[in-house]
Amino acid sequence: MPKPMVAGNWKMHGSKKFCQQLLTELKSFQDDSVDIIVCPPTAYLSLVLQQLAGSNIKLGAQNIHEQPQGAFTGEISAAMLQDIGCEYVIIGHSERRLYFSESSSLTVEKCKAAFEKGITPILCVGESQQQRDADETFKVINQQLNCVLEALQQNWLESLVIAYEPVWAIGTGLTATPEQAQQVHQYIRKLVAEYTSNAADSRIVYGGSVKADNATELFAQPDINGGLIGGASLKAPDFIEICRQAAMA
Ligand code: PGA
């Protein structure tokens, strides 16, 4: 069983003051049985890293460009993340797929770019409501995931983090039931097992309206190894409680 992981995706929220207040509270929680990551907006990455000094909380970014450098106004590279000490990056979040037209083949390039610089991708996959209603959940997961799994080297495969985030559950207050989530997580682990013998150790986390009061049941599922948390990661007591639940799972 992999060590549980909880990552907070702050999306486009926050300010200098907000970062400081939130991190001061988060740093008061210490439990080595869960890996905690915060993913602030790009503008605050360095500031957050400074404020994380002396804690076990790790830093993640929300996106990177797939190229190592160049004339790509407004973008940041994996090398830049490595340079400042950022260890994780969210790739292929459904908001990127939807609002910025990111394709699955682009997520392949981004995952490779991240690994080449020693940054661990948190690859998001998940179906829309319409796709679920049409009974296409597994087909969609397959399409989003297989191309990435196929392209990664063995050692990369072993450290890739996969976040199952049903689009219909993100920011909506609707959560997949623990059974629904477990069913997809189990399917994802089976897919990973086609590419590596260490699939049992792969981290597959759940995201989509995880809250302090539904985290316990989700994290108790055998194939759920923690969470990717949006809204609830912006409130220290809620995020700490979710981390505590993951540590106890
Ligand atoms: P949510 O977001 O927890 O607010 O639903 C999760 C995510 O988008 O990663």
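The values are calculated or read from the model by the stated rules, or taken from the named source; none is laboratory data. Since the model is a prediction, treat every value here as computed from it, not as a measurement. Ideal geometry is used to build each Cβ from the backbone, glycine not excepted, and the neighbour counts take in all protein chains shown. Heads up: the accessible areas ignore ligands, DNA and RNA and are worked out on the full protein's heavy atoms, side chains in. Shrake-Rupley method; radii C 1.70, N 1.55, O 1.52, S 1.80 Å.
Annotations for the structure displayed:
- Pairs of lysines in the chain (C-alpha under 14 Å apart; 8 or more residues apart or interchain): 6
- The heavy atoms of Y44 present about 50 square angstrom of accessible area, all protein chains included, probe 1.4 Å.
- Computed with every protein chain present, the accessible area of W156 is close to 30 Å² [probe 1.4 Å].
- At the residue level, H93 shows approximately 10 square angstrom of accessible surface with a 1.4 angstrom probe and all protein chains present.
- Placing E179, E136 in order of accessible area, with the largest value first and a 1.4 Å probe, yields E179, E136.
- For the pair E217 and S197, the difference between a 0.36 nm per residue extended length and the Cα-Cα distance amounts to 4.4 nm.
- Carbon/sulfur fraction of accessible area - the chain, other protein chains in place, 1.4 Å, %: 49 percent
- Kirkwood Rh, Cα atoms: Rg over Rh of segment 109-249: 0.96
- Distance histogram in 10 Å bins (all Cα pairs of the chain, percent per bin): 8, 34, 39, 18, 1
- Cα centre as origin, Lys/Arg/Asp/Glu Cβ charges: the chain dipole, Debye: 520 debye
- CD proxy at 222 nm, helix term only [per DSSP H run n ≥ 4: -39500 (n - 2.57); per residue of the chain; nearest 500]: -12000 deg cm²/dmol
- 1.4 Å probe accessible area per residue over segment 1-144, in Å²: 50 Å²
- Dimensions of segment 101-175 from C-alpha coordinates, computed as largest minus smallest value along each principal axis and given longest first, are 37, 24, 23 Å.
- Farthest towards the positive end of the charge dipole of segment 94-135, among the residues S105, S94, F115, is the Cα of F115, using unit charges on the Cβ of Lys, Arg, Asp and Glu.
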